[in-house]
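Everything below concerns the one structure shown next.
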Amino acid sequence: MAPQYDAIVVGAGFGGMGAGIQLDRLGLSNFVILERENDLGGTWHVNHYPGLAVDIASVTYSYSFEPNPHWTRLFAPGTELKKYAEHVADKYDLRRRMRFDTVVGGARWDEEQQHWVVSIENGESLTARYILAATGFLSQPYTPPFPGIDTFAGKIIHTTAWDNDFDLTGRKAAIIGTGATAVQLIPEVAKKADALTVFQRTPIWVVPKVDTAIPKPVQTLFERVPATQKAARMVNTTMLEALMVVGVLHFKQAKPLNKAAALLAKAHLRTSVKDKETRRKLTPDYDFGCKRPTFSNLYFKTFNEEHVRLETNSIDHIEPDGIVTADGHKTEIDTLILATGFNLWDVNFPAIEIIGRDGVNLGKFWRDNRFQAYEGITVPKFPNFISLNSPYSYSGLSYFTTIEAQMKHMGRLFGEMFRRGEKTFEVTEHANTEFLDRVTDKLDSSVFYSGQCSTARSYYYNQHGEAALLRPTSTVNAHREAVSFPLDDYTYGSASV
Ligand code: NAP
């Protein structure tokens with residue numbers, strides 16, 4: 001039996017949409033994009049907490065082939081990202097290929113039929129020649145198992161399930177977590193709540209955010225003369241690249257740059273927070289870059305406000321009307337906001353069960369061995385499988401550089417397969433091992449292995465202690481390899497149907 005689809009894409013965020021656009025370009029237009037949420041946009045659909053904005057300048061945080069001249073700020077608010085996603089879906093005719101509220105349970109490679117069988121939680125099965133997992137890195141919200149959390153009598157909100165109708169005015173709120181999400185949210189909650197206690201386990205590096213409105217005339221210029229926006233993108237991308245490559249990936253060779261970033265963050269803290277003890281508590285004791293640093297002009301200042309308190313004692317348990325810390329102190333609250341992030345390594349790699357050739361389970365393979373993926377996109381024993389959210393795939397600071405490198409890799413790989421008149425591909429063990437050895441080697445110079453990161457509790461590290469998320473090369477290298485990897489790093493085959 002011929003499969004129902006050329007391809008099934010799982011996830012209708014920017015990764016899945018990029019994959020869809022590339023499939024169309026490759027002539028594999030009979031595809032479906034399955035999405036568990038009720039609309040498109042991925043992160044930018046799920047997250048809509050107050051203060052949400054992109055933290056990579058918008059000229060760079062967008063597809064290079066689909067610039068948006070209408071960003072209203074240098075760092076656009078979340079609503080504009082969602083709107084941009086909708087625009088892309090419509091312009092590239094992706095919406096009619098999307099199926100929402102469709103939870104994929106798993107996918108299994110059918111060796112005999114040489115296609116994938118994808119099972120949906122409603123009991124339906126779909127078949128496709130190729131499967132592309134675009135389920136995102138930060139898509140499985142994490143709620144720590146605080147003892148007593150079920151007994152809490154007030155309102156509990158996780159930042160990924162924000163209730164837009166909930167009014168914080170006059171509330172006694174707590175926010176648990178001080179990651180990038182909390183940094184954006186805390187100043188907004190402080191504006192409305194009567195009292196706000198922030199429960200911090202690990203402080204975060206925060207540098208000033210050079211944000212500004214983009215005036216209408218500049219938007220018009222970007223629209224009429226796209227080269228101007230392209231130039232702005234290039235400048236911004238180069239700055240991000242320098243920060244990432246020199247400060248983070250070549251930490252060993254360029255410590256002063258990394259230290260300079262930390263000094264900037266410390267100066268920002270000193271000029272923003274009046275109380276010395278609060279400043280001390282907000283100062284990280286790990287190197288800059290161990291964790292994704294954040295940008296904000298409001299976060300630190302919020303701790304000067306009388307009704308805002310920073311709590312650094314660890315949480316012991318939760319009671320119906322408050323949070324009790326290890327020192328026995330109870331903070332009475334009626335609203336509990338969980339800015340506790342995502343579970344990456346236990347449930348997100350991969351986010352669905354993937355069973356490849358010889359019954360190999362991808363999640364088990366990664367956990368029992370090392371997390372690995374050739375060029376951050378394919379895995380031996382998983383034919384016709386493109387994994388967009390793979391170990392060592394995240395290249396650069398803007399997710400779009402990763403997506404576009406992966407689109408290029410798809411173009412070269414599928415192009416060669418078609419040229420040979422074949423229908424299946426699989427990366428060789430040899431190529432995969434060589435890539436893994438290379439990235440492992442390169443990571444030695446990075447802040448993750450050469451810096452002091454032991455106290456950072458960074459999600460960049462997996463359960464084996466490996467920083468297996470970021471590709472330790474420049475984005476230029478990632479893009480160059482995407483169009484020049486040896487074609488024999490793959491085997492190609494035919495399918496009888
Ligand atoms: P996160 O960085 O993982 O932060 C989660 C926070 O919850 C951390 O402060 C963590 O403390 C705390 N936490 C977790 N378990 C805890 C426990 N048992 N007790 C006390 N505290 C606990 O998650 P996030 O803030 O949602 O950000 C995730 C990523 O999303 C960011 O790094 C960024 O890449 C992305 N993001 C981007 C934007 C943007 O572009 N605009 C905005 C928001 C987020 P520890 O540090 O001690 O573990």
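The values are calculated or read from the model by the stated rules, or taken from the named source; none is laboratory data. Quick caveat: nothing in here was measured; it's all calculated off a predicted structure. So basically every Cβ, Gly included, is an ideal-geometry build from the backbone, and we count neighbours across all protein chains shown. We work out accessible area using only protein heavy atoms, side chains counted, and drop any ligands, DNA or RNA first. Shrake-Rupley method; radii C 1.70, N 1.55, O 1.52, S 1.80 Å.
Show the residue pairs meeting these rules: Cβ distance below 7 Å; 6+ apart or different chains; first residue within segment 200-211 and more than 18 Å from Val54 (Cβ to Cβ); second residue within 11 Å of the ligand (Cβ to nearest atom) and hydrophobic (A, V, I, L, M, F, W, C).
Thr202/Ala456
Of all residues being open to solvent by 20 Å² or more (accessible area, probe 1.4 Å) and within 24 Å of the chain's Cα centre (by Cα) in segment 188-202, which is nearest to the ligand (Cβ to nearest atom)? Just the residue, please. Talk me through it step by step, then tell me what you get.
Keep residues of segment 188-202 that are open to solvent by 20 Å² or more (accessible area, probe 1.4 Å), which gives 188, 191-192, 194-195, 201.
Still in the running and within 24 Å of the chain's Cα centre (by Cα): 188, 201.
Working: Glu188: 13, Arg201: 3 Å.
That would be Arg201.
Of all residues in segment 442-482 being charged (D, E, K, R) and part of a loop (DSSP other than H, G, I, E, B), which is farthest from the chain's Cα centre (by Cα)? Reasoning before the result, please.
Residues of segment 442-482 that are charged (D, E, K, R), as a first pass: 442, 444, 457, 466, 471, 480-481.
Then drop every residue that is not part of a loop (DSSP other than H, G, I, E, B), which leaves 444, 457, 466, 471.
Details: Asp444: 23, Arg457: 17, Glu466: 18, Arg471: 14 Å.
Looking at the filtered set, the residue picked out is Asp444.
Assess whether Phe485 counts as being open to solvent by less than 60 Å² (accessible area, probe 1.4 Å), more than 16 Å from the ligand (Cβ to nearest atom), farther than 18 Å from Met244 by Cβ and not in a helix (DSSP H, G or I). Before you say what the answer is, go through the steps one by one.
Details: open to solvent by less than 60 Å² (accessible area, probe 1.4 Å): yes; more than 16 Å from the ligand (Cβ to nearest atom): yes; farther than 18 Å from Met244 by Cβ: yes; not in a helix (DSSP H, G or I): yes.
For Phe485, the condition - open to solvent by less than 60 Å² (accessible area, probe 1.4 Å), more than 16 Å from the ligand (Cβ to nearest atom), farther than 18 Å from Met244 by Cβ and not in a helix (DSSP H, G or I) - is met.
Asp150 passes all but one of (1) assigned to a helix (DSSP H, G or I); (2) at pLDDT below 95; which number fails?
Answer for Asp150: the failing condition is (2).
Is it true that some residue in segment 370-389 is within 16 Å of the ligand (Cβ to nearest atom) and assigned to a strand (DSSP E or B)?
no
Checking the structure you have, find out if any residue of segment 101-110 is without any contact (Cβ under 8 Å) to a residue 24 or more places away in the chain and not in a strand (DSSP E or B).
Filtering segment 101-110 for residues without any contact (Cβ under 8 Å) to a residue 24 or more places away in the chain gives 110.
Narrowing the set further to residues that are not in a strand (DSSP E or B) leaves none.
Within segment 101-110 (the criterion being without any contact (Cβ under 8 Å) to a residue 24 or more places away in the chain and not in a strand (DSSP E or B)), the answer is no, since none of the residues qualifies.
Scan segment 141-161 for residues that are open to solvent by 40 Å² or more (accessible area, probe 1.4 Å) and not hydrophobic (A, V, I, L, M, F, W, C) and jot them down.
Our first condition is that a residue be open to solvent by 40 Å² or more (accessible area, probe 1.4 Å); within segment 141-161, this holds for 141-143, 145, 147, 150-151, 153, 155-156, 161.
Matches in segment 141-161: Pro141, Tyr142, Thr143, Pro145, Pro147, Asp150, Thr151, Lys155.
Where in segment 174-250 are there helices (runs of 4 or more DSSP H), lying fully within it, with 2 or more residues that are of a type in the set (Gly, Ala, Ser)? Give the derivation first.
Values: elements: 180-192, 216-224, 226-242.
It comes to 180-192, 226-242.
If you scan segment 285-327, which residues turn out to be of a type in the set (A, V, I, L, M, F, W, C), more than 30 Å from Gly148 (Cβ to Cβ) and open to solvent by less than 10 Å² (accessible area, probe 1.4 Å)? Explain how you work it out, then say what you get.
Here is the first cut: in segment 285-327, the residues of a type in the set (A, V, I, L, M, F, W, C) are 288, 290, 295, 298, 300, 303, 308, 310, 315, 318, 323-324, 326.
Restricting the remaining residues to those that are more than 30 Å from Gly148 (Cβ to Cβ) gives 288, 290, 295, 298, 300.
Listed by number, the residues that qualify are Cys290, Phe300.
Taking into account only those residues within segment 53-65 that are more than 20 Å from Ile21 (Cβ to Cβ) and touching a Ser or Thr at 6+ places or on another chain (Cβ under 8 Å), which is farthest from the ligand (Cβ to nearest atom)?
Of everything passing the filter in segment 53-65, Ile56 is farthest from the ligand (Cβ to nearest atom).
Results for (1) assigned to a strand (DSSP E or B); (2) at pLDDT below 95; (3) within 15 Å of the ligand (Cβ to nearest atom); (4) farther than 30 Å from Arg412 by Cα, shown as yes or no for each residue.
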{"residue": "Ser29", "(1), (2), (3), (4)": "no, no, no, no"}
{"residue": "Ile33", "(1), (2), (3), (4)": "yes, no, no, no"}
{"residue": "His45", "(1), (2), (3), (4)": "no, no, yes, yes"}
{"residue": "Gly51", "(1), (2), (3), (4)": "no, no, yes, yes"}
{"residue": "Pro67", "(1), (2), (3), (4)": "no, no, no, no"}
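Looking at segment 280-345, what strands (runs of 3 or more DSSP E) fall wholly within it and have at least 1 residues that are out of contact with any Gly (no Cβ under 7 Å at 6 or more places or on another chain)?
On the way: elements: 308-311, 315-319, 322-325, 330-332, 335-338.
Those strands (runs of 3 or more DSSP E) span 308-311, 315-319, 322-325, 335-338.
Go through the residues of segment 354-369 one by one and say whether even a single one is part of a loop (DSSP other than H, G, I, E, B), in contact (Cβ under 8 Å) with a residue 24 or more places away in the chain and within 20 Å of the chain's Cα centre (by Cα).
At the first step, the residues of segment 354-369 found to be part of a loop (DSSP other than H, G, I, E, B) are 356, 360, 369.
Narrowing further to those that are in contact (Cβ under 8 Å) with a residue 24 or more places away in the chain: 356.
After this cut, where a residue has to be within 20 Å of the chain's Cα centre (by Cα) as well, the list is none.
No, every residue in segment 354-369 fails to be part of a loop (DSSP other than H, G, I, E, B), in contact (Cβ under 8 Å) with a residue 24 or more places away in the chain and within 20 Å of the chain's Cα centre (by Cα).
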